[in-house]
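Participant: Sharing a structure, written as structure tokens. Questions coming.
The values are calculated or read from the model by the stated rules, or taken from the named source; none is laboratory data. This is a predicted model, so every value here is computed, not measured. Here the Cβ is made from the backbone with ideal geometry for all residues, glycine too, and neighbour counts use every protein chain on show. When the accessible area is computed, the model is the full protein with side chains, heavy atoms only, and any ligands, DNA or RNA have been set aside. Shrake-Rupley method; radii C 1.70, N 1.55, O 1.52, S 1.80 Å.
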Amino acid sequence: MAKVLTGKISHPGKAEGEVLLLTEPVSFWGGVDHHGEIIDVHHAQHKAKMTNKILVMPSGRGSSSATAVLAELIRTGDGPLAIVMLQCDTILVIGALVSAEIYGISLPIVELEQAEYDQLSDGMRVEIDASSDNEVATITI
């Protein structure tokens, strides 16, 4: 039987895919290349590829330039399908907003409480529905 987690919608959209669970935040500016691979040699998931994954990480990290990097990854299809975090990162939300406005591609971003977040694991398949009008997202695991 499927389990449903609930969280706060930071940016709307729907996505379904495999979780890439990061143990620490990644900076899109300098930490991720234009193919969606983590290139920060100090990151625990160095060389992991976020393309077509549900990116799950505690928070965002880094520069305001991450907005442009994320928007470009979304535009080229090399970015994640969705982002799930414990703590909302406004810079990443702006990247998703830019992508939706300019390219018409929506990247859902969801904020979860710790107990819900802890139920996600690397490699599991999830379905995200962050399209509701009441600001509540559902993640079906």
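Participant: Would you pick out the residues in segment 91-105 that are open to solvent by less than 30 Å² (accessible area, probe 1.4 Å) and hydrophobic (A, V, I, L, M, F, W, C)? So that I can check it myself, show each step before the final result.
Facilitator: Within segment 91-105, the first condition is being open to solvent by less than 30 Å² (accessible area, probe 1.4 Å), and the residues that meet it are 92-93, 95-96, 99.
Matches in segment 91-105: Leu92, Val93, Ala96.
Participant: Val26 passes all but one of (1) open to solvent by 40 Å² or more (accessible area, probe 1.4 Å); (2) over 19 Å from Ile139 (Cα atoms); which number fails?
Facilitator: Going through the list (1) open to solvent by 40 Å² or more (accessible area, probe 1.4 Å); (2) over 19 Å from Ile139 (Cα atoms), Val26 breaks only (1).
Participant: Ok, one more. For segment 96-141, what are the residues that are within 12 Å of Leu55 (Cβ to Cβ) and either aliphatic (A, V, I, L, M) or at pLDDT below 95 (or both)? Spell out the reasoning first.
Facilitator: Step one: list which residues in segment 96-141 are within 12 Å of Leu55 (Cβ to Cβ), which gives 96, 107-110, 120, 122, 126, 128.
Across segment 96-141, the qualifying residues are Ala96, Leu107, Ile109, Val110, Leu120, Val126, Ile128.
Participant: Determine which member of the set Lys3, Lys14 is more than 25 Å from Leu97 (Cβ to Cβ) and either open to solvent by less than 70 Å² (accessible area, probe 1.4 Å) or not β-branched (Val, Ile, Thr) (or both). Full working, then the answer.
Facilitator: Numbers: Lys14 fails: more than 25 Å from Leu97 (Cβ to Cβ).
Matching residue, one of Lys3, Lys14: Lys3.
Participant: Take segment 9-33 and flag every residue that is within 13 Å of Met50 (Cα to Cα) and β-branched (Val, Ile, Thr).
Facilitator: Hits for segment 9-33 are Val19, Val26, Val32.
Participant: Of all the residues that make up segment 49-87, how many are open to solvent by 50 Å² or more (accessible area, probe 1.4 Å), in a loop (DSSP other than H, G, I, E, B) and either at pLDDT below 95 or of a type outside the set (A, V, I, L, M) (or both)?
Facilitator: Residues meeting the conditions: 5.
Participant: Sticking with this structure for a sec: Which of the residues that make up segment 94-131 are in contact (Cβ under 8 Å) with a residue 12 or more places away in the chain, part of a loop (DSSP other than H, G, I, E, B) and either in contact with a strand residue (DSSP E or B) (Cβ under 7 Å, 6 or more places away or on another chain) or over 14 Å from His11 (Cβ atoms) (or both)?
Facilitator: Ser106, Leu107, Pro108, Leu112, Glu113, Gln119, Leu120, Ser121, Asp122, Gly123, Met124, Ser131
Participant: Does segment 3-11 contain any residue that is among the charged types (D, E, K, R) and over 19 Å from Gln119 (Cβ atoms)? Full working, then the answer.
Facilitator: Restricting attention to segment 3-11, the residues satisfying the condition of being among the charged types (D, E, K, R) are 3, 8.
Then keep just the ones that are over 19 Å from Gln119 (Cβ atoms); that gives none.
Within segment 3-11 (the criterion being among the charged types (D, E, K, R) and over 19 Å from Gln119 (Cβ atoms)), the answer is no, since none of the residues qualifies.
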